[in-house]
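The values are calculated or read from the model by the stated rules, or taken from the named source; none is laboratory data. Model, not experiment: these values are computed from the prediction. Note: ideal-geometry Cβ built from the backbone for every residue, glycine included; neighbour counts use all protein chains shown.
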Amino acid sequence: MINRRLHFSAGQFLLAFLFVTLSSIAVYGQDATTSDGVPAAPVEASSGGDAALGEALFKANCASCHKLYKKAVGPALFQVSQKYEREWLYKWIKNSAKLIASGDAQAVAVYNEYGQQNMNSFEQLSNVDIDNILAYTDTEKPAPVVAAAGAEGGAVAGSGDNTMTNNIILGALAIVLLLLVVLLVVVNKTLKRFADANGIQTEFEIEEERTPIWKAFVQNQFLVLVSSIFLLLASAYFAYGALMSVGVDQGYAPLQPIHYSHRIHAGTSQIDCKYCHSSARESKHSGIPSLNVCMNCHKSIGEVAQSTYQEGMEEYGIDYNKEIQKLYAATGWDSDEQKFVGEEKPVRWVRIHNLPDLAYFNHAQHVTAGNIACQTCHGPVEEMEIMYQYSPLTMGWCINCHRETNVDLQGNGYYEQIHKELSEARGGRQLTIADLGGLECGKCHY
Ligand code: HEC
Ligand code: HEC
Ligand code: HEC
Ligand code: HEC
Ligand code: HEC
Ligand code: HEC
């Protein structure tokens, strides 16, 4: 009786302790993730214009050649209003060519300094518009948001950094669990010593005198029979699964040398697949684009938008801007000087889809002749942050689709006559790819 009561109180004590610590951790966790960091607003050096209106005008008219803090086609424009007279700037921005032609010394000097490139004229802009633009070009570079949130959060981990809070919570949990184990051992020892001292027999000692569970199990023949049948079936099931998936790489998503997001390019930016995989239409292979194709855009896109950047850090743990720097390193592009200077270091993309050599697959046949969308076979590519193999790419997969897909006759006059004759021969029903010979071994095997 006495030992019973002792057991109970120890268990209750532990349960209560566990409950209190866990719930306090949960509360702490919620606190840390909901306190929202407000990004610091850019400091505005007021110069009589509206920076917000100016930003829109700048993006529409000037951003293709100018950046605020970095040289692009034209010079960096940060605080250009302090560099020149306002009247001169009105004239320059409205029509720099006219100003240069008029022999204005300052204009000619600027023109020569930047390699005699021509700036567009903007006669449509009023002086007020230009004041607004110049107010915008006077804005200080905003501090990185993550740092701002960290400073504000104080002792609590930066709220923008979810992985950090998670790690802290996990660490705390581990420590608490460790403490619990130690506590358990200590309590157990103390109780045992206490029991021994009082000459009480503990439950463990009582149990040793009963038949152990495994012995009881072996003695029960029915239980043994049922469990062996179960084990045999289960192992057969898993062995079959393992054998059937030899060489099937569905879901394969290797780490690439540059983190390249189809979600951002094909999804958000809606770049057509064929802009990059241009040979899918005409040839067997789709091919991976050369880095020149990337640089068509990335000469002027050196950094992602602030919101994209934050999403990358928070949801995927990827610093997108660093990834673009890798692209620059690989192509030898110097973004400050805006020209290729360095050595090229080709990027070796890891191949994901790969049929064995014995099989023949042709993209043009499917994309152009068959009129099948890329996504039918490659899945929701525009949502993939990391590319992975969506379809099994087994023979059964190819054959199934050939059995189920009807021949597409729209815009494919070549097949019309054949289709008519074949269809009549088969009692006038719709033709599938299989009827065209899509199941013949020789079509897919060399
Ligand atoms: C087609 C490219 C292009 C566009 C668009 C463009 N600029 Fe320029 N800008 C230049 C170039 C190039 C220079 C360097 C001078 C030169 O070679 O004419 C320059 C020079 C300037 C300068 C003198 C900077 C200095 O530090 O000396 C100012 C100011 C300027 N641009 C303002 C603007 C504004 C404002 C807009 C938009 C309304 C704009 N530019 C649009 C190409 C452009
Ligand atoms: C801006 C260029 C670009 C665009 C647009 C683009 N891709 Fe890609 N694609 C790449 C690059 C680079 C790779 C290699 C890196 C990787 O696997 O993520 C790739 C890889 C792939 C692969 C895997 C190739 C392999 O190794 O097996 C498939 C499949 C693919 N893209 C399909 C598509 C589809 C479908 C679309 C349109 C929805 C598309 N891509 C749009 C650049 C692009
Ligand atoms: C048609 C224009 C275009 C082409 C071509 C293009 N990109 Fe981009 N890329 C963008 C834009 C736009 C963004 C930024 C999106 C944002 O800020 O939200 C971006 C972002 C990125 C990023 C950061 C996000 C990420 O995906 O990790 C990387 C890295 C990148 N591009 C690499 C490449 C590579 C490699 C190629 C060539 C295979 C390429 N890009 C081709 C327009 C392009
Ligand atoms: C009928 C299914 C199917 C369709 C439709 C399809 N693909 Fe593929 N794709 C495959 C198979 C299968 C492979 C593997 C080919 C191999 O290993 O020889 C592949 C491989 C690729 C590769 C890797 C490089 C290569 O050429 O082997 C890229 C990139 C690719 N596809 C892009 C595309 C794009 C872009 C489209 C749309 C224009 C598209 N695919 C449409 C089935 C398809
Ligand atoms: C999503 C459905 C689909 C899948 C999956 C598919 N195919 Fe096809 N396949 C077609 C269609 C549709 C055509 C007919 C194109 C045309 O009109 O010429 C075709 C035609 C072919 C042909 C030419 C047949 C002939 O009679 O000329 C070959 C070869 C072929 N496919 C091989 C493959 C291989 C190999 C795979 C698997 C790796 C595969 N296909 C997967 C739909 C598919
Ligand atoms: C529509 C295209 C297609 C047709 C038709 C086709 N095969 Fe295949 N076959 C494939 C593909 C793709 C693979 C590779 C699949 C893989 O690696 O799992 C393959 C693999 C094989 C393999 C290797 C087995 C393995 O799992 O690696 C054999 C053997 C084979 N096929 C025999 C045949 C015979 C015999 C026929 C005619 C009755 C035939 N195939 C018709 C596409 C086809």
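A few points about this structure:
- Segment 254-280, residues that are part of a loop (DSSP other than H, G, I, E, B) and β-branched (Val, Ile, Thr): Ile258, Ile271
- Candidate set from segment 56-88 (those that are of a type in the set (A, V, I, L, M) and in contact (Cβ under 8 Å) with a residue 12 or more places away in the chain); member that is farthest from Thr139 (Cα to Cα): Val73
Matching residues to (1) in contact with a Gly (Cβ under 7 Å, 6 or more places away or on another chain); (2) farther than 21 Å from Ile258 by Cβ; (3) more than 16 Å from ligand 2 (Cβ to nearest atom):
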| position | (1), (2), (3) |
| --- | --- |
| Lys322 | no, no, yes |
| Glu337 | no, yes, yes |
| Arg348 | no, no, no |
| Ala364 | no, yes, no |
| Cys377 | no, yes, no |
| Asn400 | no, yes, yes |
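- Cβ separations smaller than 8 Å between residues 6+ apart or across chains give the following pairs from segment 242-261 residues that are modelled with pLDDT of 85 or more to residues that are part of a loop (DSSP other than H, G, I, E, B) and among the charged types (D, E, K, R): Pro257/Arg348; Ser261/Glu385.
- Here is the figure for segment 262-280: residues that are touching a Cys at 6+ places or on another chain (Cβ under 8 Å), aliphatic (A, V, I, L, M) and modelled with pLDDT of 90 or more total 1.
- Options Gly241, Gly251: the member that is more than 9 Å from ligand 2 (Cβ to nearest atom), in contact with a Phe, Trp or Tyr (Cβ under 7 Å, 6 or more places away or on another chain) and closer than 30 Å to Glu383 by Cβ: Gly251
- For segment 369-390, the set of residues classified as loosely packed, with under 15 Cβ neighbours inside 10 Å, in a helix (DSSP H, G or I) and away from ligand 5 (no atom under 11 Å from the Cβ) consists of Glu383 only.
- Conditions (1) within 16 Å of ligand 1 (Cβ to nearest atom); (2) charged (D, E, K, R); (3) within 30 Å of Cys398 (Cα to Cα); number of the one not met by Lys299: (3)
- Within the set Lys94, Lys98, the sole residue that is without any contact (Cβ under 8 Å) to a residue 40 or more places away in the chain, charged (D, E, K, R) and under 20 Å from Glu55 (Cβ atoms) turns out to be Lys94.
- Positions within segment 291-309 being more than 8 Å from ligand 3 (Cβ to nearest atom) and surrounded by fewer than 15 Cβ atoms within 10 Å (Cβ to Cβ), in sequence order: Asn292, Gln306
- Lys59 being part of a helix (DSSP H, G or I) and at pLDDT 50 or above: yes
- Of the residues making up segment 317-345, those that are touching a residue at least 12 places away in the same chain (Cβ under 8 Å) and among the hydrophobic types (A, V, I, L, M, F, W, C) are Ile318, Ile324, Leu327, Ala329, Ala330, Trp333.
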